[in-house]
Amino acid sequence: MDRIDVRDPGHPRLPPGQVVTRKWPVLHYGIVPSVDLRTWRFAVTGAVERPLSLHWEELMAMPRRETSCDIHCVTRWTRFDNTFAGIPVEAVLARAGVRPGAAFALVHAEQGYTTNLPLGDLDRPANLLALSFDGEPLAPEHGGPVRLLVPHLYFWKSAKWVTGFELLGEDDPGFWERNGYHMRGDPWREERFGRPDPVRMRRGPR
Ligand SMILES: Nc1nc2c(c(=O)[nH]1)N[C@H]1C(S)=C(S)[C@@H](COP(=O)(O)O)O[C@H]1N2
Ligand SMILES: [Mo]
């Protein structure tokens with residue numbers, strides 16, 4: 001299997017304001033959903049040449065990659081040395097064919113969870129539709145059967161129980177972003193909270 005290690009020995013490991021944890025905390029809004037793989041689909045929609053609705057078997061047939069990385073939660077825990085394996089996000093995006101107008105993505109997950117990020121942060125070699133952690137299938141509470149992994153941003157961008165990417169010309173805030181979290185979320189720049197946007201907040205939940 002293809003491997004990527006995003007841990008940079010020439011770079012400090014702990015972003016500002018973070019504390020190391022050895023355990024892997026479980027953190028999410030709502031309950032752990034039960035995912036039925038017979039009806040499960042991964043949708044790539046919006047500014048793409050070929051909108052996708054991948055069945056579980058179609059996703060499983062794609063080549064795998066392993067990513068070793070640190071993960072950083074905005075609630076200030078950092079966990080070093082995690083190895084995930086799954087389908088490279090860049091392969092899924094290439095299969096859909098990103099249109100030139102696409103500049104942002106809204107990531108969709110079970111139960112209406114969403115998170116947004118610039119396309120350049122989503123379309124990166126280390127990012128995965130992660131299926132396993134340290135060689136074991138990803139546990140349901142950590143987003144199994146499949147979660148997004150975007151290790152260079154705060155971990156709320158790594159949507160658990162991910163179900164799709166919507167490519168957009170303009171940035172559209174997701175669940176935590178509408179509640180004040182940062183539109184990008186770079187832990188090295190401590191992009192924890194964004195500027196409140198009164199117009200967007202008034203729109204309310206979708
Ligand atoms: N679907 C979904 N994904 C989510 C969340 C959530 O509430 N729902 N929380 C995010 C946050 S804030 C964090 S820190 C990580 C936690 O992942 P973990 O429970 O595997 O540590 O999941 C992220 N992905
Ligand atoms: Mo988080």
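Every number in this text was worked out from the coordinates using simple rules, so none of it is lab data. Bear in mind that the values here come from a model prediction, so they are computed numbers and not experimental data. Cβ: placed from backbone, ideal geometry, glycine included. Neighbour counts: every protein chain shown.
Here are some notes:
- Whole-Hz couplings from phi, Karplus 6.51/-1.76/1.60, listed for the stretch 151-167; x for Gly and Pro: x, 7, 10, 3, 6, 5, 6, 8, 4, 7, 6, 5, 10, x, 10, 10, 8
- Relative contact order, percent, the stretch 37-203 [alpha-carbon distance under 8 Å, six or more residues apart]: 24 percent
- Separation of the Gln111 and Thr45 label points, Cα + 7 Å toward Cβ, nm: 2.1 nm
- DSSP loop GluC sites (Glu not before Pro) with at most 16 other Cβ within 10 Å excluded, longest remaining stretch of the chain: 50-169
- Where labels lie 7 Å past Cα in the beta-carbon direction, separation of Trp188 and Ile31 in nm: 4.1 nm
- Calculated over the stretch 37-203, the projected area of the Cα convex hull averaged across directions stands at 9.6 nm².
- Loop sites in the stretch 35-121: trypsin sites (Lys or Arg not before Pro), DSSP, at most 11 other Cβ within 10 Å: Arg38
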